[in-house]
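Only one structure is covered here, and it is reproduced in the block below.
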Amino acid sequence: MAGDQLKVLNALDVAKTQWYHFTAIIIAGMGFFTDAYDLFCISLVTKLLGRIYYHVDGAEKPGTLPPNVSAAVNGVAFCGTLTGQLFFGWLGDKMGRKRVYGMTLMIMVICSVASGLSFGHTPKSVMATLCFFRFWLGFGIGGDYPLSATIMSEYANKKTRGAFIAAVFAMQGFGILAGGMFAIIVSASFKARFDAPAYEFDPLGSTVPQADYVWRIILMVGALPAALTYYWRMKMPETARYTALVAKDAKQAASDMGKVLQVEIEAEQQKVEQMSTKSSNSFGLFSKEFLRRHGLHLLGTTSTWFLLDIAFYSQNLFQKDIFSAIGWIPSAKTMNALEEVYRIARAQTLIALCSTVPGYWFTVALIDKIGRFAIQLMGFFFMTVFMFALAIPYDHWTHKDNRIGFVVMYSLTFFFANFGPNATTFVVPAEIFPARLRSTCHGISAASGKLGAIVGSFGFLYLAQNKDKAKADQGYPAGIGVKNSLLVLGVVNFLGMAFTLLVPESKGKSLEEMSRENEDENGEMELEQQPDFNNNRTVPV
């Protein structure tokens, strides 16, 4: 089927799990911890920004960000992330994983600090500065997706590769958790020091001037974990697969991995040069050969990530309603500004603790046992079931007595997103494409996901508005209502299940076996006579 593998790559594939694997997980994972902290912490402080910068004298309710400002503040980082995924994914294949990895981290550190220092004389100028730095923060975060996944997949052994890549992604859960916990500590500390009456008793006095420091501190602390891991990122050697298969330097690859694995590995420069002359190792992304070999795979990874993120990021729509409904967050006018930050952060932390974090680690534990395909299919299936179970009897769930049931169903939907496609859509693109296109293809898949996130966050924000314009949120047009929005999300999840059939199973296989990179001279002929391998597109073998 495939020719002899390079000894350095075989050594990585069969290596026992050892300390350097965990070091790589922590170094790559801390990037993801920072990504999640930076992307999700903005939702903790948007209400506070509204109170500080958009207060209206004599208004019954506290100030809120106008719809266009809210969309910009929340969404501009997504736009930056999408751009960064495409750019740094491509750059990672051109310049090497390690060199580009340091760049993304520095952008994240600088822009985290800068977004907390947003300045201006008017609310508009403060928000414009914040949006500018949030875009470039997202740009750096975007680069972390393809690079972290590719580095981890190229360092890992084939037996536990899925768990290692999923563990890097699972650090997202801890990032969300850390954001919520830090916001609780900061808001509680300021509240104890600068107590204020509720908005309904003193509209102006309910937001103390010191509250302006709270959102800035929360945003700036995101720079810390990234800065702490910069030194270790720079110490990591380039991955052997990039050095040998893309840079064509077998001697350097053998030397680097010999130090990492603490064994002597033979450099096979002649073999590398022979492999590089094969047509199977030279086709580009926009070639017919790529389309024939990996076209359906790329369609599978991009479409499933796109559909998953539409459903996953639409959760922001319902969170505030759910939190209010179960009494975690009382009416805004009954609280002062710092109390509101505290309540929102507490609610987000509880959701992360109960459904987000466990889902990720279920995937880590089981991905190399039951496979990526099964987990993704199962996740989409249960998400479809729970979305329809929320949508069809929606009126039943709106009654006060049934609120807890609604929260349980809602939590299960996102448990199966994390123990399901949210993790596997990140893992699979790092395993199934050739080394010279791996980072690029992962970046394209991830960018497709971020496009879905933008649709989920903002398309549904308008779509879920009440059919009666008079009952819609201030500044929004009439929509199709929450019930119909949930039905649409159920259909989206079902489509995700259908497109999963295009994604191959990579459990227990080497990266070269999946991408068919090191075929021997008549490997192509042999593969054409082996329909079972070719059909690996659809179902796990």
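The values are calculated or read from the model by the stated rules, or taken from the named source; none is laboratory data. Keep in mind that what you see is a predicted model, and the values were worked out from it rather than measured. For neighbour counting, all protein chains shown are included, and Cβ atoms are generated from backbone atoms with ideal geometry for every residue, glycine included. Heavy atoms of the whole protein, side chains included, go into the accessibility calculation; ligands, DNA and RNA do not. Shrake-Rupley method; radii C 1.70, N 1.55, O 1.52, S 1.80 Å.
Observations on the structure shown:
- Taking all Cα pairs closer than 8 Å and separated by 6 or more residues, the relative contact order of the chain comes to 24 percent.
- Listed candidates [x] 0.96; [y] 1.00; [z] 1.20 - label of the one calculated as Rg/Rh (Cα atoms, Kirkwood Rh): [y]
- Accessible area per residue in Å² at 1.4 Å probe, computed on region 75-197: 34
- Each peptide among 427-440, 290-303 gets the average number of other Cβ atoms lying within 10 Å of its residues, and from highest to lowest they stand as 427-440, 290-303.
- Restraint check, LYS47/LYS333; LYS191/LYS333; LYS94/LYS248; LYS16/LYS271, Cα-Cα greater than 21 Å: LYS16/LYS271
- Summed side-chain charge close to SER153 - residues other than SER153 whose Cβ falls under 11 Å, Lys, Arg +1, Asp, Glu -1: +3
- Accessible surface of the chain [probe 1.4 Å, protein heavy atoms]: carbon and sulfur percent: 65
- Simple Cβ-charge dipole of region 221-373, Lys/Arg +1 and Asp/Glu -1, about Cα centre, in debye nearest 20: 200
- Pairs exceeding 22 Å between alpha-carbon atoms, taken from LYS61/LYS450; LYS450/LYS509; LYS61/LYS469: LYS61/LYS450; LYS450/LYS509.
- Each residue of region 222-227 was assigned a 3J(HN,Hα) from its phi angle through the Karplus curve 6.51 cos²θ - 1.76 cosθ + 1.60 (θ = phi - 60°); the sequence is x, 6, 4, x, 5, 4 Hz, with glycine and proline shown as x.
- Average accessible surface area per residue within region 249-382, 1.4 Å rolling probe, Å²: 43
- Our compactness index for region 272-422, the C-alpha radius of gyration over the empirical 2.2 N^0.38 Å, is 1.45.
- Assigned charges on the beta-carbon of Lys, Arg, Asp, Glu; region 341-467 dipole about Cα centre (debye): 260
- Eigen-decomposition of the gyration tensor built on the alpha-carbon atoms of region 338-399 gives equivalent ellipsoid semi-axes of 28, 22, 6 angstrom, largest listed first.
- Once the Cβ-Cβ distance of ASP473 and PHE201 is raised to the sixth power relative to R0 = 22 Å, the FRET efficiency obtained is 0.30.
- What you get for the chain, charging only the Cβ of Lys and Arg (+1) and of Asp and Glu (-1), is a dipole of about 760 debye around the Cα centre.
- Euclidean distance of C-alpha centroids, region 96-125 and region 474-488, integer Å: 35
- Cα-based values for region 375-507, radius of gyration first and Dmax second, are 17.4, 57 Å.
- For the Cα trace of region 134-215, dividing Rg by the Kirkwood Rh returns an Rg/Rh value of 1.25.
- Residue among GLY479, TRP19, ALA250 farthest towards the positive dipole end of the chain, charges placed on Cβ: GLY479
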